[in-house]
């Protein structure tokens with residue numbers, strides 16, 4: 001079905017847009033990002049996929065990481081992801097491309 005393919009292409013295949021959008025608000029850890037994508041955008045990425053995308057974003061310099069102590073004096077440590085300036089530029093370019101594409105589709 002064409003609509004299902006479109007939804008897949010605009011969600012899972014460009015998950016980096018959703019991740020960078022959320023990280024622009026504040027640093028988050030991996031599982032939290034997965035939860036926030038579901039809460040904010042109404043679709044649920046696979047946990048492994050989220051980490052694969054985060055690793056790629058980090059290796060390409062679009063996000064950085066910091067290990068912090070867990071909440072409530074927990075001894076657990078979490079890796080928090082933060083958007084970099086390079087990541088903000090990529091996000092802005094990606095969103096501008098989507099806006100231009102939608103504008104062209106609306107006006108043809």
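The values are calculated or read from the model by the stated rules, or taken from the named source; none is laboratory data. Bear in mind that the values here come from a model prediction, so they are computed numbers and not experimental data. Positions of Cβ are backbone-derived with ideal geometry, glycine not excepted, and every protein chain shown enters the neighbour counts.
Computed quantities for the displayed model
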{"read-out": "One residue from 15, 82 being at pLDDT 95 or above, over 28 Å from residue 101 (Cβ atoms) and touching a helix residue (DSSP H, G or I) at 6+ places or on another chain (Cβ under 7 Å)", "value": "82"}
{"read-out": "Filter pass, residue 101 being assigned to a strand (DSSP E or B), modelled with pLDDT of 95 or more and more than 14 Å from residue 16 (Cα to Cα)", "value": "no"}
{"read-out": "Where residue 30 falls short, out of the listed (1) more than 21 Å from residue 95 (Cβ to Cβ); (2) in contact (Cβ under 8 Å) with a residue 24 or more places away in the chain; (3) out of contact with any helix residue (DSSP H, G or I) (no Cβ under 8 Å at 6 or more places or on another chain); (4) surrounded by 13 or more Cβ atoms within 10 Å (Cβ to Cβ)", "value": "(3)"}
{"read-out": "Close pairs (7 angstrom Cβ cut-off, 6 or more residues apart or separate chains): outside any strand (DSSP E or B) in the range 63-78, at pLDDT below 85 and exposed (fewer than 10 other Cβ atoms within 10 Å of the Cβ) anywhere", "value": "70/76"}
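Residues checked against (1) in contact with a strand residue (DSSP E or B) (Cβ under 7 Å, 6 or more places away or on another chain); (2) touching a residue at least 24 places away in the same chain (Cβ under 8 Å); (3) surrounded by fewer than 12 Cβ atoms within 10 Å (Cβ to Cβ); (4) part of a loop (DSSP other than H, G, I, E, B):
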position	(1), (2), (3), (4)
6	no, no, yes, no
16	no, yes, no, no
44	no, no, no, yes
55	no, no, no, no
